[in-house]
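The values are calculated or read from the model by the stated rules, or taken from the named source; none is laboratory data. Nothing here was measured: the structure is a model prediction, and the numbers come from that model. Every residue, glycine as well, gets a Cβ built from its backbone with ideal geometry; the counts of neighbours run over all protein chains shown.
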Amino acid sequence: MPALLEVRGLTTRFRSSGGTVTAVDDVSFDVAQGETLAIVGESGSGKSVTALSILRLIPTPPGRIEAGQVLFEGQDLLTLDDAGIRAIRGSRIGMIFQEPMSSLNPALTIGLQVAEPIVEHRGATWRDALTRARGLLDRVRIPDAAQRLAAYPHQFSGGMRQRVMIAMAQACEPTLTIADEPTTALDVTVQAQILDLLKTRSEETGSALVLITHDLGVVARYASRVAVMYAGRIVEIAPARRLYRTPQHPYTRGLMQSVPRLDSDTAERLVPIEGQPPDLGRLPQGCAFAPRCRVVMPRCRTERPVLAQIADNHAAACFHHA
Amino acid sequence: MYAYIARRIVFGLLTVIGVSIVIFVVMRVLPGDPLLAVLGPEGLQKLSDADRAKYMADLGLSDPLIVQYLRWMRDVASGTFGTSFFRSESVADMIVRRGPLTAEIALFSVVLSWIVGIPVALISVLRPNSFGDTIARFLSILFLAVPGFWVGMLIILAMLFWFGYRPPLTNIPFWEDPWSNLQIVLPPAIVLGLGQAAYIARMARSSLLEVIREDYVRTARAKGLSGRLVVGLHALPNAMLPVITLSGILMGFVLAGSVPVERAFATPGLGYAMFIAVNERDIFVVQNLVFLYASVFVVLNILIDLTTAWLDPRIRLQ
Amino acid sequence: MQPPASTMPDADDILRVEDLKVHFPITRGAVFRRQAGAVRAVDGVTFTLARGETLGVVGESGCGKSTTGLAIARMVTPTAGRIAFEGVDITDFDQDHMRPLRRRMQMVYQDPYGSLNPRMKVRDIIAEPLEVHGIAGGRAALKERIAASMAMTGLAPAMADRYPHEFSGGQRQRIGIARALVLEPSLVICDEPVSALDVSIQAQIVNLFVDLRDRLGLSYIFIAHDLAVVRHISHRIAVMYLGRIVEIARRDDLYRDPLHPYTKALMAAIPIPDPELEATRPRQIVQGEPPSATGPRVGCAFHRRCPAAMPRCAQEDPVLMGTPGERAVACHLHD
C-alpha cells in the first residue's frame with residue numbers, strides 16, 4: 001500500500017543575526033492511511049517545525065525549507081504553487097495547534113471560524129456551512145452547539161477551545177490530521193478527554209493522525225508508530241510497542257528511564273539524561289547526542305550516524321547498530 | 001458593557017470640568033491686559049482709574065474669580081458662550097458660522113489619513129523590505145518630521161504658481177456651493193491629513209506585523225484561506241484597534257494644527273478665528289474656543305474608546 | 001469518627017496551616033466599585049508539615065495549589081485561617097515582620113527565566129538575598145558562599161559571571177534553587193519547579209531537590225500538577241480540588257490505594273509510558289471541567305463529574321476526615 005504521506009530528506013533552516021540554525025535536518029518518514037504516528041522529542045528537537053514544514057506554515061523569513069520532498073498522496077507539497085497548497089491546507093490535511101487560547105481569532109464567532117474551511121474548500125453557502133458547523137460542534141461534544149455558534153472564543157474554556165480546533169481541522173474530513181502538542185496547555189483530565197476525542201474523530205473520518213508531543217505516556221496510549229527526534233533529526237523510528245519494549249538508540253532509552261511513572265512499585269530514583277539539551281547553533285561535529293551519551297565511542301564524536309534499518313520497521317541512527 | 005459606558009461618560013464629564021477650570025485659571029494668569037487690546041497703548045495710558053474700573057466691571061472682570069467662572073459656565077450651559085470684546089456676535093454664533101468649515105477639514109483629514117495610511121501599511125507588511133516598503137517608510141518619516149503649516153505654505157505656493165489657485169476668502173457652506181467649499185477645505189485637510197497619515201501608517205504597520213505573527217493568523221493560513229482573506233478578515237480587523245485609538249489621539253494634532261494651517265491658507269474657520277483672538281487678546285473668545293476644542297477632543301475620544309470596546313467581543317459581551 | 005487531621009499539636013512541625021482561606025474580591029459597578037463576589041482560590045486548607053518532610057501538593061489549574069504556596073510565604077494575604085511557621089503565628093505579619101522569616105522560608109518558581117533578572121549576572125542574582133538580609137559578610141566570604149551555593153546545585157562556579165540568557169532551562173532552575181538556598185532556609189516552597197522543563201532535565205532537577213533535602217535537612221512544599229512527578233520526591237501528598245484538599249495521604253498509600261474519586265480520576269487520566277499496559281488498562285475518563293471558584297458551593301465540589309456520586313453528594317459538602325498525619329479524605333464514600 002502506498003503511504004499517504006512520504007517525507008523525504010526534509011531540511012528547514014532558520015536564519016538570524018546569530019547565524020543559521022538547522023531546525024529540521026534531513027528528516028524522512030512515512031505515514032500510512034489511517035494510522036497514528038507520534039513524533040516525540042524535547043524542546044528544540046524540531047518536531048513542531050517538522051509539522052509546520054509539511055504544510056509550509058514556517059514563518060518566512062526567518063525560516064526556509066531548504067531541501068526535501070513532502071509527498072502527500074503522491075504529490076510534492078513543496079513544489080505546489082500558492083493556490084495548490086491552499087487547496088490542501090484545511091481540506092486534505094487538517095492542523096491542530098498547541099495553544100487553544102491564542103489559536104482562535106478573538107474577534108470572530110466560533111461558528112464562522114468552524115464554517116470557514118467548508119465555505120472555502122467546499123464552495124458551500126454560509127448558511128449550509130453554519131449548519132454543518134453545528135453538527136461538527138455536536139460531534140466534538142460541545143453542549144448547546146446551536147447557541148455556541150454565535151459565541152466568541154473567550155467564552156470557552158481551554159478544553160472547549162481545543163474541541164473547536166478539532167471540529168475546525170476536521171471540518172472537510174481530511175485524510176491527514178496533524179496535531180502539534182494539542183494538549184500541552186491543558187490539565188490532565190481534560191487532556192485525556194481531548195486526545196480520546198481526537199482519536200475517535202480521526203477514526204470516524206478515516207483520517208491518519210500525526211501527533212506531535214513530548215509526553216511518552218501520551219505516545220504509549222495513542223500512537224501505533226513513533227519517531228523520536230533529537231536536535232533536528234529522527235534518531236529512532238519504530239512501531240510503538242516495539243520501541244517501548246526494545247528501545248535501541250541511547251537517547252530513546254534515556255528518555256524512557258527519565259520519565260516519572262505512576263505504576264512502578266517503589267518510588268525509586270529517577271534516572272536523568274545527564275548534561276544539557278543541545279544548542280542547535282553549536283552542534284558537535286559528530287552525533288548530536290554524543291556529549292550526553294553513556295555509551296559514546298570515539299567514532300561518535302567525529303562522524304554523524306544516519307538512520308539505518310536494524311529490524312523490520314525499526315530504524316535507529318546510532319553506530320552501535322550500524 | 002453598560003457599566004463601562006457609564007463609567008467612561010462620567011469620567012469624561014469630570015475631565016471636561018477639570019479642563020474648564022484649567023483654561024479659566026490660565027487665561028486669568030497669563031500676562032496681557034485685555035484693555036490694552038481694546039483701547040490700544042495710547043488709550044490705555046489716558047485711561048483714568050475710575051474709567052478702568054468701569055470698563056473692567058462692564059466686562060465682568062472685576063468680580064471674584066469664582067463668580068466669573070460660574071458666570072462663564074452658565075453661558076456655556078445656556079449655549080451662548082459669552083460675547084467677544086470687539087464683535088457684536090456671540091461666541092456661539094461664531095462657532096455656528098465658522099465651526100462647520102473646521103469640522104469639515106478635520107473630518108476630511110482623518111478620512112484622508114486612513115485612505116493613505118492603511119494601504120501604505122499594507123504594502124509595507126505584505127512586501128517587507130521591498131522597494132514600496134522602503135519608499136513608504138521614507139515618506140512617513142518625512143511627513144512626521146516636517147511641520148504641517150510649512151507643507152501648507154509649499155502647497156499654496158505651488159498651486160499659486162502652477163494653477164493660479166485662489167481660494168475663496170469668504171466662508172461658503174458645502175450645501176450652497178460644494179465646489180467652492182471644497183476649494184477652501186481640501187488644501188488644509190490634505191496638509192493635516194498627510195501629517196496624520198504618516199502616524200497612521202507607522203502604527204498600522206507595526207500593529208499588523210504584530211498581529212500576523214499571532215497564532216490565530218497561522219490557524220487561518222492552515223485552513224487554506226487566501227492571503228487576502230487571512231489579512232482582510234483575520235489580521236486587519238484585530239490590527240485596527242490600536243490604529244483607531246491613535247486616530248482619536250491624533251484629533252489633538254488636527255485641532256492644534258488647525259490654527260497654523262488655517263492661518264497659512266487664510267481659511268475662514270475656527271482655527272483662524274482662534275489665531276485672531278489670541279492676537280487681539282480677546283480672552284472670552286480664546287477661552288471659549290480652547291474649551292470647545294478640549295471638549296470636542298474629550299468627547300471624540302470617549303466615542304472612540306466605546307467603539308474599540310464594542311469591536312472587541314471580550315469587552316462588548318462583558 | 002476521627003478528629004480532623006489538624007488538631008494534633010506536634011513540636012516537630014515546621015509548618016501548620018489551619019483552615020486557610022484566600023479569597024480574591026470581584027468588583028462591579030459603573031463609577032463606584034463595590035464587591036460583587038469573590039474568587040475563593042483557597043477555601044479552607046488544613047495540614048501540617050514535619051521538619052525534613054516533603055508534602056507534594058497536586059491538582060489541576062485553578063485548584064488553589066499555587067495560591068496556597070503564596071499565602072504560606074505571605075506573598076498574598078490570607079482571608080482567614082492561621083499559618084504557623086516554626087512555632088510562630090505569621091498569619092497577620094506585615095512585610096517588615098516577615099523579612100527575618102524569609103531567610104528561613106524561600107520560594108522556587110516555575111518559570112526559571114521569568115524569575116531571574118536578565119540584566120544581572122548569576123553571581124549578583126545569588127548574592128542579592130544575602131545583601132537584602134544584610135548577611136553578606138566580607139567580599140571573600142560572599143564569594144565563597146556564592147560558589148558553595150552554585151556548586152551545591154551543580155553549577156560550575158566559573159559560570160558566575162554569565163547572564164541568565166546564556167543558560168538552558170534546567171540550568172536556570174538550578175540558579176533559582178541556588179538563590180533560594182544561599183540563605184540556608186529550613187522550608188522551601190517549590191511552585192511547579194519542574195513543569196517547564198523537558199523530561200530528561202526534569203529528572204535531573206527532581207533528583208537535585210531530593211539530594212539537597214537529604215543533605216541539608218530541608219522541608220519542602222512541592223507544588224505540581226503531575227502526580228507522577230511528586231511521587232519521586234514527596235513523603236506525603238495532598239490532592240486539591242477547587243480550593244480544598246480532597247485527599248491527603250502517605251505517598252505509597254495514595255498510589256497503591258487512592259480513595260477519593262477525584263484522585264482516582266487524576267491517576268486514570270495520566271497515561272503510563274507503556275503501550276502494552278495502556279492497551280489493557282481500564283480507562284475511565286472523567287468528563288467535564290472543574291466548576292468556577294466564584295459560584296456558591298453546594299454539596300461536594302466534584303459531584304457533577306464524579307462517577308460514584310450519590311444523591312447526598314449534591315447537598316452535603318464532605319469534610320476532610322481521617323487519621324492525622326497519615327490519611328484523610330473528603331468524600332461521603334469514606335465517612
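Computed values, structure above
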{"read-out": "Residue in region A:122-134 that is charged (D, E, K, R), within 14 Å of chain B (Cβ to nearest Cβ) and under 30 Å from A:Leu243 (Cα atoms) present", "value": "no"}
{"read-out": "Some residue of region A:42-57 being of a type in the set (A, V, I, L, M), surrounded by fewer than 22 Cβ atoms within 10 Å (Cβ to Cβ) and in contact with a Leu (Cβ under 7 Å, 6 or more places away or on another chain)", "value": "no"}
{"read-out": "Selection count, region B:104-133, where residues are modelled with pLDDT under 85 and in a helix (DSSP H, G or I)", "value": "7"}
{"read-out": "Checking A:Ala220 against (1) touching a strand residue (DSSP E or B) at 6+ places or on another chain (Cβ under 8 Å); (2) aliphatic (A, V, I, L, M); (3) at pLDDT 90 or above, the condition it does not meet", "value": "(1)"}
{"read-out": "A:Arg161 being of a type in the set (D, E, K, R), in contact (Cβ under 8 Å) with a residue 60 or more places away in the chain, surrounded by fewer than 21 Cβ atoms within 10 Å (Cβ to Cβ) and touching a helix residue (DSSP H, G or I) at 6+ places or on another chain (Cβ under 9 Å)", "value": "no"}
{"read-out": "Qualifying residue in region C:207-222 (condition: within 9 Å of chain A (Cβ to nearest Cβ), more than 15 Å from C:Leu55 (Cα to Cα) and over 17 Å from the mean Cα position of the chain (by Cα))", "value": "yes"}
{"read-out": "Long-range neighbours under 6 Å by Cβ, at least six apart or interchain, first residue more than 10 Å from chain C (Cβ to nearest Cβ) within region B:5-21, second assigned to a helix (DSSP H, G or I)", "value": "B:Gly12/B:Val298; B:Gly12/B:Ile302; B:Thr15/B:Val298; B:Val16/B:Ser295; B:Val16/B:Val298; B:Val19/B:Ala294; B:Ser20/B:Phe291"}
{"read-out": "Failed item in (1) within 13 Å of another protein chain (Cβ to nearest Cβ); (2) buried (at least 19 other Cβ atoms within 10 Å of the Cβ); (3) of a type in the set (A, V, I, L, M), with A:Ala150 passing the rest", "value": "(2)"}
{"read-out": "Where a residue in region C:92-109 is modelled with pLDDT under 90 and its partner, wherever it lies, is among the small types (Gly, Ala, Ser), with Cβ under 9 Å and at least six apart", "value": "C:Met98/C:Ala73; C:Arg102/C:Ala73; C:Tyr109/C:Ser115; C:Tyr109/C:Gly176"}
{"read-out": "Set C:Ala314, C:Ala279, C:Ala308, C:Ala269: member being crowded, with 20+ Cβ neighbours inside 10 Å and in the same structural domain as C:Thr54 (by TED's automatic domain parsing)", "value": "C:Ala269"}
{"read-out": "Counted residues, region C:84-129 - those being under 23 Å from C:Ile205 (Cβ atoms), assigned to a loop (DSSP other than H, G, I, E, B) and among the charged types (D, E, K, R)", "value": "3"}
{"read-out": "Listing of strands (runs of 3 or more DSSP E) fully contained in region A:210-322 that carry 2 or more residues being within 12 Å of chain C (Cβ to nearest Cβ), of a type outside the set (A, V, I, L, M) and touching a residue at least 12 places away in the same chain (Cβ under 8 Å)", "value": "A:225-230"}
{"read-out": "For B:Ala189: the one exception among (1) part of a helix (DSSP H, G or I); (2) within 14 Å of chain A (Cβ to nearest Cβ); (3) at pLDDT below 90", "value": "(2)"}
{"read-out": "Inter-residue pairs, beta-carbon under 9 Å, first without any contact (Cβ under 8 Å) to a residue 24 or more places away in the chain and in region B:90-114, second of a type in the set (Asp, Glu), 6+ apart", "value": "B:Ser90/B:Asp75; B:Ala92/B:Asp75"}
{"read-out": "Single residue of B:Leu182, B:Leu160, B:Leu154 found to be without any contact (Cβ under 8 Å) to a residue 40 or more places away in the chain, part of a helix (DSSP H, G or I), surrounded by fewer than 21 Cβ atoms within 10 Å (Cβ to Cβ) and in contact with a Lys or Arg (Cβ under 9 Å, 6 or more places away or on another chain)", "value": "B:Leu160"}
{"read-out": "Residue satisfying all of: in region A:45-90; in contact with a Lys or Arg (Cβ under 8 Å, 6 or more places away or on another chain) and small (Gly, Ala, Ser); nearest to the other protein chains (Cβ to nearest Cβ) among these", "value": "A:Gly90"}
{"read-out": "Residue match in region A:92-105 (condition: assigned to a helix (DSSP H, G or I) and more than 7 Å from every other protein chain (Cβ to nearest Cβ))", "value": "no"}
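Condition check ((1) touching a Pro at 6+ places or on another chain (Cβ under 9 Å); (2) outside any helix (DSSP H, G or I)) across all residues:
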site: C:Glu131; (1), (2): no, no
site: C:Gly137; (1), (2): no, yes
site: C:Ala140; (1), (2): no, no
site: C:Arg145; (1), (2): no, no
site: C:Ala151; (1), (2): yes, no
site: C:Leu155; (1), (2): no, yes
site: C:Ala158; (1), (2): no, no
site: C:His165; (1), (2): yes, no
